[in-house]
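Notes to accompany the following structure.
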Amino acid sequence: MIKVMYSLSSVKYFFPSIYSAMESASALQFLKDKTILVTGATGFLAKVFVEKILRIQPNLKKLYLLVRAEDTKSAMKRFYNELYA
């Protein structure tokens, strides 16, 4: 009997479609019904991160976006200008 053991990196290299399915399935299960806080929500990486999370797992419990500003009005203005523009 021959035992074959694959590391995650070898699966990624030899079977990219299987690795992709494994990765997305675990992310879906992990993020389901979670609460996530994103700091720097108007930055480039945060925008990409939020879009990816909402695309792969729309069943989040809550998603908090932290926006730095002087007051609530300017925070809301910055939020709409940066994220909806």
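What the table below lists for this structure:
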{"item": "Qualifying positions in the range 53-74 - among the basic types (Lys, Arg) and closer than 16 Å to Thr39 by Cβ", "result": "Lys62, Arg68"}
{"item": "Asn81 among the polar types (S, T, N, Q) and not in a loop (DSSP other than H, G, I, E, B)", "result": "yes"}
{"item": "Members of the range 1-58 found to be at pLDDT 85 or above and among the hydroxyl-bearing types (Ser, Thr, Tyr), listed by number", "result": "Thr35, Thr39, Thr42"}
{"item": "Residue match in the range 59-73 (condition: part of a helix (DSSP H, G or I), at pLDDT 80 or above and out of contact with any strand residue (DSSP E or B) (no Cβ under 6 Å at 6 or more places or on another chain))", "result": "yes"}
{"item": "Residue list for the range 40-85, restricted to those being surrounded by fewer than 14 Cβ atoms within 10 Å (Cβ to Cβ), over 24 Å from Ala27 (Cβ atoms) and β-branched (Val, Ile, Thr)", "result": "Thr72"}
{"item": "Near pairs, Cβ below 6 angstrom, 6+ apart or cross-chain, from the range 43-72 (aromatic (Phe, Trp, Tyr)) to any residue that is assigned to a strand (DSSP E or B)", "result": "Tyr64/Leu37"}
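The values are calculated or read from the model by the stated rules, or taken from the named source; none is laboratory data. For clarity, every value in this text was computed on a predicted model and none was experimentally measured. FYI the Cβ positions are ideal-geometry reconstructions off the backbone, even for glycines, and counts take in every protein chain you see.
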